[in-house]
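The values are calculated or read from the model by the stated rules, or taken from the named source; none is laboratory data. Computed from a predicted structure; not experimentally measured. All Cβ positions, glycine included, derive from the backbone under ideal geometry; neighbour counts span all protein chains shown. Just so you know, the surface numbers come from the protein's heavy atoms only, side chains and all, with ligands and any DNA or RNA stripped out. Shrake-Rupley method; radii C 1.70, N 1.55, O 1.52, S 1.80 Å.
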Amino acid sequence: MKSPASLLVAVQDRRALVAIDLGAESCRVSLLRWLDYKPRIELIHRFPNQTIETATGLHWNLDAILAGLHTGLRQCASIANEGIRSIAVDGWAVDYVRLDGEGNPADNPFCYRDERTIAAETALQERISAARMRELTGIQLLRINTAYQLFADDAELRTLPWLNLPEYILHTLGGRAVSERTNASHTQLLGLDGDWNDEILSAVEVPSSAMPELVNPGADLGELTGPLANLPAFTNTRLIAPCCHDTASAIAAVPDPAGDWAYISSGTWSLVGTLLREPNNSQRARQENFTNLAGADGSICFHKNVNGMWLLRQCMETWAAEGARVEIASLIAASENIPALSYHLDVDDPDLLLASRMPQRINAQLHRRNLPEFSTDPADAPELAAFIFRSLAVRYAEVLRGVTEITGKQFRRLYIMGGGSQNDLLNRLTAAATGLTVAAIGAECSTTGNFAVQLSSLEGNQPNKWAALLSQDTENYPA
């Protein structure tokens, strides 16, 4: 196996690569260039993304997304005079675009937050039980999953082909109509055998003719076509399906070829788990709601959702509504020397998943448990923030102990990615609670993972080796 340093020497085609990251709040277009024989990743264009409320429900503005992406791609073409070798797209899971008989969008896609899935979840579970869905798929049950969304569509729409959003973007650029497996595994339509499940499709009333072709991460979907292909930089540019689900893409950015590590994708949610070679759908995994999602290189992302930085963000919004502006960096710094308490918050309390008045919600839980409550005065924010950070670290440690007990894996290192990885205090508390060496690998690691899978597809070798090269951390991960 080649070392990251030798991989750099081996790259013969030094045209640039483009990574598109679709986000529910903003979308990014990034460029990887080989400058002075070193890789350089640069954010070229970021633009806001938001839902639109219509008479039919909550939708994404597809035209606005496509316009923003085309602006970013044109900017990439103007910068990369060496040419652009490939484009790949990742983004959030579960949402999709219905295609009409002409291959055009039947409508703007629904947002997963639309409430139509409340009734759809109940109606579908009358046709196939939640337990059976879990048994067949191995993934956690969420009413936002694509299966419930498809069932919420009108009967006529259910017969139309559909594509998840990242794959749809690739399709508009000229790629084949596919479902990449990391995204497909989020639909609740993919069986543990890796194929679309006929029993679930029958219950959802979606014909097999509507189902896209399944492909693995790194699949080449064809050549860029359309107006952008007329730009000189986009001559013979390939379209690649990376890990189209952004969490799988972020995990692909871990630059470690060994298997004895765990991860936390830390943001609004914290996804706490490890990579497996085979799904684990044991009774305990089902009881504790661990999920088995496809990852890069044939791996399984085995993890559990834990409430994350949502808790602090909601507190900050409450304080802001009271006229107090609290900066997160200063809040973290002020929390450093707050003494630890003998008790912790149940961060996964369902009441804490709801929006607004988070300090009061936290105190309500403590009141129910006959524990001392916190001041809700913004001036006392560091005490509450420190309590949240310590409680999150304790919960992470609990979940990782469960991962060890369920899978038998022992860990030496914990990688933390996403926006929460920038919280040094939380990282140190997590290291202390878990007893593991913690390595933070950045807030934009889905971009790095996207590029790593592209390079794996184009040049060979595993994504983690390319991730090590792109992170410039070759010393700690020798071949």
For ASP95, distant residues with modelled amide H under 5 Å away: LEU165
Within straight-line cross-link reach of LYS304, aspartates and glutamates at Cα separation under 20 Å, skipping those fewer than 8 residues along the same chain: GLU135, ASP246, ASP260, GLU278, GLU288, ASP346, ASP348, ASP349, ASP351, GLU398, GLU405
For LEU58, net neighbour charge (Lys/Arg +1, Asp/Glu -1) across residues whose Cβ lies under 15 Å away: -4
The chain: calculated mean residue ellipticity at 222 nm from DSSP helix runs of at least 4, using -39500 (n - 2.57): -11000 deg cm²/dmol
Region 325-479 - charge dipole about Cα centre, Lys and Arg +1 at Cβ, Asp and Glu -1, debye rounded to 20: 340 debye
Solvent-accessible heavy-atom area per residue, rounded to whole Å², over the chain at 1.4 Å: 41 Å²
Vicinal HN-Hα couplings computed from phi for region 322-332 (Karplus, 6.51 cos²θ - 1.76 cosθ + 1.60; Hz; Gly/Pro x): 8, x, 10, 8, 10, 7, 5, 5, 5, 5, 4
Integer Hz, Karplus 6.51/-1.76/1.60 couplings in order for region 381-396, x for Gly and Pro: 4, x, 5, 5, 4, 4, 4, 5, 4, 5, 5, 4, 4, 5, 5, 4
Packing-based order for 351-361, 93-103, 78-88, using average beta carbon neighbours within 10 Å, highest first: 78-88, 93-103, 351-361
Percent carbon-and-sulfur accessible area, region 247-298, ignoring ligands, DNA and RNA, probe 1.4 Å: 46 percent
Inter-centroid distance (Cα atoms) of region 270-338 relative to region 163-202, Å: 25 Å
Region 35-106 and region 117-149: distance between their alpha carbon centers, rounded to Å: 29 Å
Distant-in-sequence amide H partners of SER86 (H built 1.01 Å from N, under 5 Å): VAL18, ARG238
Among SER446, ALA241, ILE65 the positive-end extreme of the charge dipole of the chain (Cβ point charges): SER446
